[in-house]
Structures are given as C-alpha cells and as structure tokens.
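A.B. asks: My structure is below; once you've seen it, I'll send some questions.
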Amino acid sequence: MARETVTRSAADNVYLHKDFHGALSAGIAYLESRYGAEAVRSYVRRFTVKYYAPLVQAIKDRGLSALRDHLQRIYALEGGRIKIDFAEEEMTLEVEECPAVAHMRAHGYPVAPLFHETSKTLYAALCEGTPFVSEWLRYDARTGRSAVRFRRSAP
Amino acid sequence: MIPCTEFIPAYSELFAFLEESRGRDAVRDFWNYLSDTFLRTLRDLVAAHGIRGCWMYWNHTLNEEAADFTMELDEEAGEFSITMRRCPSKAMLLGLGHIEPYHDYCGHCDVLYRRVLEPLGYEYAYDMSETDRARCRLVVRRKPAL
C-alpha cells in the first residue's frame, strides 16, 4: 500500500489538453440530440460573438490578415496541417487534417455529427459585422479535412 | 476550429447558453450526461485499481492542463486528495476581461466526479469556498465497510 505525493506548478507543464476536443464534441452531440441542430448553431454563434469579439474587432480594423494570423497560431499550436491562400480581398483556408478530429479518432472519442459547426458556424459568426463573408466549401467527417473561403461581401 | 486551449470559455458559455435558453435544470442534466458518457476512463480506473485509479486519472489530466496543485494518495487509508492552488480553467475564466464566466462554473467538478465515485463506494468532498480565487480542494475516501 503506497503513499504518494506530487506537487506541480503551472510552469512544469505545457497547457495543451487535447482531450478537451472530446468534451466539446460530447457537448455538441448532447445539444443536437436533446434540443436539435439549431441549438448547436445558436450556441456556437453565441460563443463566437462573445468570446471572439476582440478578433472580430481586429478583422474590422486590419482585414483578413487578422484572421489569417489567428488561424496560423491555433493550428500551429495543435500541430494541424493547413494551407492558407491569402489576399487582402479573399483568403482560403485548407485544413488537410483537423487536429481535433484526428485526436478524437486516435483516442476513441465519438465525433459529434455536427462537430463541423464548431468551424462552419464559427467562421460565419466571425464575419458578422465585418466587410467579409465565409463560404464553407467542403468537409470530410472522417478526417475533418475541410476548406473555407473568406471574401469581401458584395456592396 | 475551437482550439483545445480555448475550450474552457467554450464550455463556460455552453453552461450559460443552456441555463438562459432552457433553465438551470438543463445545466444539471448536461453535467449528469457528461459524467455518464465522458468520464468512463475515471470509472474504469477506479473500478480496476481502487483509490489509486483517482491518482492515475488526475495525474494525466492535471499535468496536461498545466495546473498548480498538490496531489496525495494514501492507499492504506483509502484516501486521495487534490489541493488546487491555481486551477488553470477557472484562472483563465477569471482573467478574461470581455466575457463573464458562468456563475456556477466550478459546480460541474462537484457533480461530474461525485456521480462517478459515490456509486463505486467512495465519499467525495469538494471545497469550493475559494473558487473565486481559482482554488479548491477535493478529497476522495473509501467508505468504511459496513
């Protein structure tokens, strides 16, 4: 019978708990099964508008380069393979493999049928109130491979 | 994509969304669902290894979450504890200037783990009196045999 003690400070580890993707997926699955698909989209939109308000403001101020910088940062953090085709008026994000979906598949977490709304609805909400719109081009539920285009909306 | 580093505000907002659109009970229902479906690893570890299963489970999660904590295990006494000096989740929420954390965010830690551990024969005590400073303490004890 053992006695053990461990003490850690925040600096001892890197903050990167990818199992959180599984928890978010569980939340999305729950919302859909209990309240329907529209509840999923309403929740993601609400979260985006509130939490990403500073990013939305940056998009208004700096244009698509603010969104490009954000996307590069988060996918680099998670080791995701992406390609960004950038121009001031239009930008396309190609996700070759989604690190969230890859982690869930590798560790046996169910991927919610509407998990892609955490990207599709999120990107649409990020563009609200900015001069840009998003177009969800394609998505592979197995790998999370996807493409989305952001472009200046018609006047 | 919502990166895993931004999951905590996403979950806080999910709790708030549920409460505002469906009422407080909807949040509790969701926590129960999460406990039943998402904490199988904790349930399986404790079922297989007893109180050491708690150590194995939290040793993984707290390190990946870069928490500031002390974790103690006394197998002979059947006791496990976590003294959280700075919960990374709550600290993140408290540090966000532009959104308000869900008012009972830390309540999920009480509901989720209690629901797993009590049916397995353990007492679960959770002190939330300092969660406004991102501090808490949980103690799991094996219930004495009758």
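For (1) of a type in the set (A, V, I, L, M, F, W, C); (2) under 21 Å from residue A:44 (Cα atoms); (3) within 10 Å of chain B (Cβ to nearest Cβ), each residue gets a yes or a no:
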{"residue": "A:81", "(1), (2), (3)": "no, no, no"}
{"residue": "A:84", "(1), (2), (3)": "yes, no, no"}
{"residue": "A:97", "(1), (2), (3)": "no, no, no"}
{"residue": "A:106", "(1), (2), (3)": "yes, no, no"}
{"residue": "A:109", "(1), (2), (3)": "no, yes, yes"}
{"residue": "A:117", "(1), (2), (3)": "no, yes, no"}
{"residue": "A:130", "(1), (2), (3)": "no, yes, no"}
{"residue": "A:136", "(1), (2), (3)": "yes, yes, no"}
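A.B. asks: If you scan region A:62-84, which residues turn out to be within 13 Å of residue A:132 (Cβ to Cβ) and either assigned to a helix (DSSP H, G or I) or charged (D, E, K, R) (or both)?
C.D. replies: Once the filter is applied, which keeps residues that are within 13 Å of residue A:132 (Cβ to Cβ) and either assigned to a helix (DSSP H, G or I) or charged (D, E, K, R) (or both), region A:62-84 yields A:62, A:64, A:65, A:66, A:67, A:68.
A.B. asks: Looking at region B:31-146, what strands (runs of 3 or more DSSP E) fall wholly within it and have at least 3 residues that are free of Cβ contacts under 8 Å to residues at least 24 places away in the same chain, more than 8 Å from chain A (Cβ to nearest Cβ) and within 15 Å of the chain's Cα centre (by Cα)?
C.D. replies: B:122-127
A.B. asks: Identify, please: which residue in region A:141-155 is in contact with a strand residue (DSSP E or B) (Cβ under 7 Å, 6 or more places away or on another chain) and of a type in the set (D, E, K, R) and is, among those, surrounded by the fewest Cβ atoms within 10 Å (Cβ to Cβ)?
C.D. replies: Result: A:152.
A.B. asks: What residue, of A:131, A:155, A:54, is within 24 Å of residue B:16 (Cβ to Cβ) and more than 14 Å from the chain's Cα centre (by Cα)?
C.D. replies: Just one listed residue meets the conditions, A:54.
A.B. asks: Among (1) of a type outside the set (S, T, N, Q); (2) touching a helix residue (DSSP H, G or I) at 6+ places or on another chain (Cβ under 8 Å); (3) modelled with pLDDT of 95 or more, there is one condition residue A:107 misses while meeting the rest; what is its number?
C.D. replies: If we test residue A:107 against (1) of a type outside the set (S, T, N, Q); (2) touching a helix residue (DSSP H, G or I) at 6+ places or on another chain (Cβ under 8 Å); (3) modelled with pLDDT of 95 or more, just (3) comes out false.
A.B. asks: Kindly indicate whether residue A:73 is charged (D, E, K, R), surrounded by 14 or more Cβ atoms within 10 Å (Cβ to Cβ) and under 30 Å from residue B:97 (Cα atoms).
C.D. replies: Here the answer is no, as residue A:73 does not meet what is asked.
A.B. asks: Do we have any residue at all in region A:31-54 that's at the interface with chain B (Cβ under 7 Å from one of its Cβ atoms) and outside any helix (DSSP H, G or I)?
C.D. replies: There is no residue in region A:31-54 that is at the interface with chain B (Cβ under 7 Å from one of its Cβ atoms) and outside any helix (DSSP H, G or I).
A.B. asks: May I pose another question? Do we have any residue at all in region B:80-92 that's over 29 Å from residue B:26 (Cβ atoms) and loosely packed, with under 15 Cβ neighbours inside 10 Å?
C.D. replies: So far as region B:80-92 goes, no, none of its residues is over 29 Å from residue B:26 (Cβ atoms) and loosely packed, with under 15 Cβ neighbours inside 10 Å.
A.B. asks: Please tell me if residue A:16 is in a loop (DSSP other than H, G, I, E, B) and either farther than 19 Å from residue B:21 by Cα or modelled with pLDDT of 95 or more (or both).
C.D. replies: Taking the combined requirement at face value, the residue satisfies it.
A.B. asks: Which of the residues spanning region B:1-29 are in a helix (DSSP H, G or I), in contact with a helix residue (DSSP H, G or I) (Cβ under 6 Å, 6 or more places away or on another chain) and either within 19 Å of residue B:110 (Cβ to Cβ) or without any contact (Cβ under 8 Å) to a residue 40 or more places away in the chain (or both)?
C.D. replies: B:4, B:7, B:8, B:10, B:12, B:14, B:15, B:17, B:18, B:19, B:26, B:27 - these are the residues of region B:1-29 that are in a helix (DSSP H, G or I), in contact with a helix residue (DSSP H, G or I) (Cβ under 6 Å, 6 or more places away or on another chain) and either within 19 Å of residue B:110 (Cβ to Cβ) or without any contact (Cβ under 8 Å) to a residue 40 or more places away in the chain (or both).
A.B. asks: When residues of region A:88-119 are filtered for being surrounded by fewer than 18 Cβ atoms within 10 Å (Cβ to Cβ) and not in a strand (DSSP E or B), how many remain?
C.D. replies: 8
The values are calculated or read from the model by the stated rules, or taken from the named source; none is laboratory data. If you're wondering where the values come from, they're calculated on a predicted model, not measured in any experiment. So basically every Cβ, Gly included, is an ideal-geometry build from the backbone, and we count neighbours across all protein chains shown.
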